[in-house]
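In what follows, a single structure is set out as structure tokens and then discussed.
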Amino acid sequence: MKFKADRTAVPYSYLIDNIKVLLIFLVVFNHIIAFNLVKVDMVVRYIWYGITIFHMPAFVFISGYLSKKPQNVLKNVKNLLIPYILGYSLTWYSQIWLGRTVDYEILRPTGTVMWYVLALFAYRLTIEAMGKIRFIVPLSIIFALWAGTRPEFTTFLSASRIVVFFPFFAAGYLWKSEYITAVRKFKGKWVLVPISAVLLWAIPNYMITNGMGIAIFRANHRYQLCGLTDQEGIVIRLLMYLVSFIVIYTFLALMPDIKLPLTYIGRHTMGIYLFHYPIMIIMNGLYLLRLPQLTNVWALLGVSLVFILVLGSLPVDWLYTGVINIIAFILFKTDKTVRDEGLEEEYDSDENKYEILRQRRKAIEELAATLEPDKDHVGSADPEVEGTQENTEKNEGSSRVAGYEMDIEEDNLDDVSEEPLKEEERELTLEELMEELEAATRKAENSNLQKREKTGQYPADDQ
């Protein structure tokens, strides 16, 4: 038996949830203005280009940062593949409900936002191997630049998008919490704000002035299908990587790391992501987004805020998790539940940092207690000693239970944070475990001997 205590964990911080809230708001706002407002308002069109450059790269980066634990295929099928199918089906049916003819092409998730959930599923199943490659981020950027010139990378299984956005996921996966601390302590961090602002204005201005479409940022097709030459496409995509990483570092450096009124929404982003787009399609089909009152950027900012407040609420989260749990219960022979993880792995809670070690030690002590002398061999009339022996009798036969507990805890060691386990960052072999057991046993025997010396009572074999 081996106990592994070297799993990487992500300590919880309000910073990450606050970034996720901002990003999911930008996702919703960017989608709602794309229906009509960007066609009639040039300022909003600039904003649309600027947001599209970085909002999904930043989301992918945060997802990579929160995906450090060893991945379980079945868990990812439940938490990602089932929601992908459900989200795609809802988007498809919203079009059918409006009377449109749309093919059900679940392997080509164009016209939906669910491509990202499929990409996240692919990333999590491969990142442990890919993350071990030296210089994986620059190499994956070079590969993505080359992929834009090839017709093989298309919308099928979101292959083009998976390749183009993978460098951000790999960068997030390799990013450590200590780096965040270093960035936040950097005295010149505010210089990131004007740099980001200039780039987010200059690039859209150049593209809109020269009639370049926004498709290059969506990464669905090769450069030529985006209306660019290969050389232009490579340059624009390189700029996307540059700007996105600068904006990501700006968020990490300057976003507040405190609990805010909307911080809780950072844990409920999957429901928002899954439901918001089908609802927008229906609203647009019913001409609600074409009302004069909603052809104003401030109105749509308010509508976007309402979206994240309603879809990020606990009732919607319960609805989402309930539906996913029912589907998982029907499909899989397991009683494990699925919870909304906000598109990412859950954090390690501060409340159970040392719980695993405490439970392991308790199990060893319970097992050692069963080796103490039986009550029948001690002729003590001392009530205190008798009470101790009665407790020993009650614990008889608990070694099997204790062993079972240790087996359970072996499966739960993924929840141990790295920082409090500096002395446990290695595997405990069976021999080492037995040494701990023997030490606990000796301690128990010495305690009993001391008690007998005080009372003058000894077992018959010792007299």
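Derived scalar couplings between HN and Hα for region 73-82 equal 4, 4, 4, 6, 4, 5, 7, 10, 5, 5 Hz in order, rounded to whole Hz, by the Karplus curve 6.51 cos²θ - 1.76 cosθ + 1.60 (θ = phi - 60°), x for Gly and Pro. Among the chymotrypsin sites (Phe, Trp or Tyr not before Pro) in region 233-291, those placed in a DSSP loop whose Cβ has at most 13 other Cβ atoms within 10 Å are Tyr287.
Multiplying the residue separation of Ile258 and Leu81 by 0.36 nm and subtracting their alpha-carbon distance yields 60.4 nm. Relative to its residue count, region 184-279 spans a Cα convex hull of 149 Å³ per residue. Its Cα gyration tensor gives region 1-116 an equivalent ellipsoid; the semi-axes, largest first and in whole Å, are 33, 23, 10. For region 261-304, the alpha carbon convex hull comes to 71 Å³ per residue, rounded to a whole number.
The accessible area of Lys259, taken with all protein chains in place and a 1.4 Å probe, comes to roughly 150 Å². Suppose the Debye formula is applied to equal point scatterers at every Cα of region 226-303; what is log10 I(q)/I(0) at q = 0.17, 0.18, 0.20, 0.21 Å⁻¹? Log-scaled intensity ratios, in q order: -1.06, -1.05, -1.02, -1.00.
Using bins of 5 Å that start at zero, the share of Cα-Cα pairs per bin across region 95-200 amounts to 2, 10, 15, 15, 16, 14, 12, 8, 5, 3, 1, 0, in whole %. Report note on the peptides 120-131, 101-112: ranked by the mean count of other C-beta atoms within 10 Å, highest first, their order is 120-131, 101-112.
In the context of the full protein assembly, Val235 retains an accessible surface of approximately 80 Å², using a probe radius of 1.4 Å and ignoring ligands and nucleic acids. Per atom type, region 233-281 shows carbon and sulfur on 79% of its accessible surface, probed at 1.4 Å.
The values are calculated or read from the model by the stated rules, or taken from the named source; none is laboratory data. From a predicted model like this one, the values you see are computed outputs, not experimental measurements. Note that each Cβ is placed from the backbone with ideal geometry, even for glycine, and that neighbours are counted across all protein chains shown. Surface areas here come from the heavy atoms of the whole protein model, side chains and all, with no ligands, DNA or RNA. Shrake-Rupley method; radii C 1.70, N 1.55, O 1.52, S 1.80 Å.
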